[in-house]
Amino acid sequence: MKIRETLAAEFDQFSDNYTEVMTRCVPHYLRLLSSLSECLPDDFSAGTILDLGCGSGNATALLLKKFPDAEYTLLDASSDMLDLCRKRFSGKNMTYHRSYFRDYTFPEGYFDLVVAGFSLHHLDSSEKQWIFPLLYKTLKKDGLLTCSDMMVKKYSAEHARLVEEWRTFINANYPDGEKWAWMEEHHEAYDWPDDYGDQKSWLLDAGFGHVDVKWREDHWVHFIAGK
């Protein structure tokens with residue numbers, strides 16, 4: 001498998017088996033995914049939800065169980081992923097936007113909840129510092145940003161260690177080595193993770209009142225930021 005020329009095309013090519021690939025290629029994927037809904041406060045209620053980089057809709061599917069009457073906005077650059085979501089959520093209160101984050105106009109004070117499941121690592125440090133104030137502004141008072149992702153700065157010693165563990169994990173699931181070769185190339189071209197500490201600082205600078213880790217295993221992290 002070769003990586004594609006754009007991030008959207010890259011995700012188009014494995015849209016049909018996205019969940020299987022994520023589960024077998026991303027350590028702790030199912031735990032991090034479930035945290036996006038399970039770690040929300042018990043008294044939190046959401047009427048408007050933005051799934052930021054929705055993929056095949058796995059996070060939205062979990063949130064629908066908790067907030068079945070909410071209005072959902074699903075944003076992704078991959079047309080194939082959005083088509084899967086349209087079929088998966090037929091008849092549900094969903095709005096779909098095919099867009100990169102840079103090209104989307106975030107409505108001010110509109111969402112109760114923004115969900116970022118394995119999507120923010122596609123933004124480099126400057127882009128994260130650009131988008132965090134927009135996410136703050138798009139949330140209503142007391143709104144939440146919930147995020148699960150890899151959080152370690154690229155090219156650091158800790159990143160090098162994580163990559164070796166990641167290689168072992170993927171090769172245990174795909175012993176021919178082809179999937180790791182693809183993931184390594186994808187990671188080099190499209191992934192720009194940052195340390196949790198840096199992201200927490202940028203979120204607080206953007207106006208968020210608190211940022212709290214709710215689940216963590218090494219550099220695989222779930223956090224919630226509150227307005």
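The values are calculated or read from the model by the stated rules, or taken from the named source; none is laboratory data. Since the structure is predicted, the reported quantities are computational estimates derived from the model, not experimental observations. Here the Cβ is made from the backbone with ideal geometry for all residues, glycine too, and neighbour counts use every protein chain on show.
Summary of values
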item: Of all residues in the range 110-155 being within 14 Å of the chain's Cα centre (by Cα) and of a type in the set (Ser, Thr, Tyr), the one that is nearest to Gly55 (Cα to Cα); result: Ser119
item: Qualifying residue in the range 105-118 (condition: surrounded by 15 or more Cβ atoms within 10 Å (Cβ to Cβ) and among the polar types (S, T, N, Q)); result: no
item: Hits in the range 79-103 (condition: over 20 Å from Cys147 (Cβ atoms) and part of a strand (DSSP E or B)); result: Met94, Thr95, Tyr96, Arg98
item: The range 158-194: number of residues that are modelled with pLDDT of 95 or more and in contact with a Leu (Cβ under 9 Å, 6 or more places away or on another chain); result: 3
item: Helices (runs of 4 or more DSSP H) contained entirely in the range 17-78, each with at least 1 residues that are farther than 30 Å from Glu164 by Cβ; result: 29-38, 58-66
item: Number of the condition not met by Pro107 [criteria: (1) assigned to a strand (DSSP E or B); (2) under 16 Å from Asp51 (Cα atoms)]; result: (1)
item: Unique match (being more than 17 Å from His222 (Cβ to Cβ), at pLDDT 95 or above and in contact with a helix residue (DSSP H, G or I) (Cβ under 7 Å, 6 or more places away or on another chain)) among Tyr104, Tyr72; result: Tyr72
item: Residue in the range 39-71 that is farthest from Ser90 (Cα to Cα), counting only those that are among the acidic types (Asp, Glu) and in contact (Cβ under 8 Å) with a residue 12 or more places away in the chain; result: Asp51
item: Tally, over the range 207-223, of residues that are over 17 Å from the mean Cα position of the chain (by Cα), in contact (Cβ under 8 Å) with a residue 40 or more places away in the chain and closer than 20 Å to Asp142 by Cβ; result: 2
item: Among residues of the range 30-49, those that are basic (Lys, Arg) and in contact with a helix residue (DSSP H, G or I) (Cβ under 8 Å, 6 or more places away or on another chain), counted; result: 0
item: Pick from the range 5-16, criterion in a helix (DSSP H, G or I) and not aliphatic (A, V, I, L, M), ranking: modelled with the highest pLDDT; result: Asp16
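A quick yes/no check of all residues on (1) more than 20 Å from Trp215 (Cβ to Cβ); (2) of a type outside the set (S, T, N, Q); (3) modelled with pLDDT under 95:
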position: Phe111; (1), (2), (3): yes, yes, no
position: Ser119; (1), (2), (3): no, no, no
position: Gln129; (1), (2), (3): yes, no, no
position: Pro133; (1), (2), (3): yes, yes, no
position: Lys141; (1), (2), (3): yes, yes, no
position: Ser156; (1), (2), (3): yes, no, yes
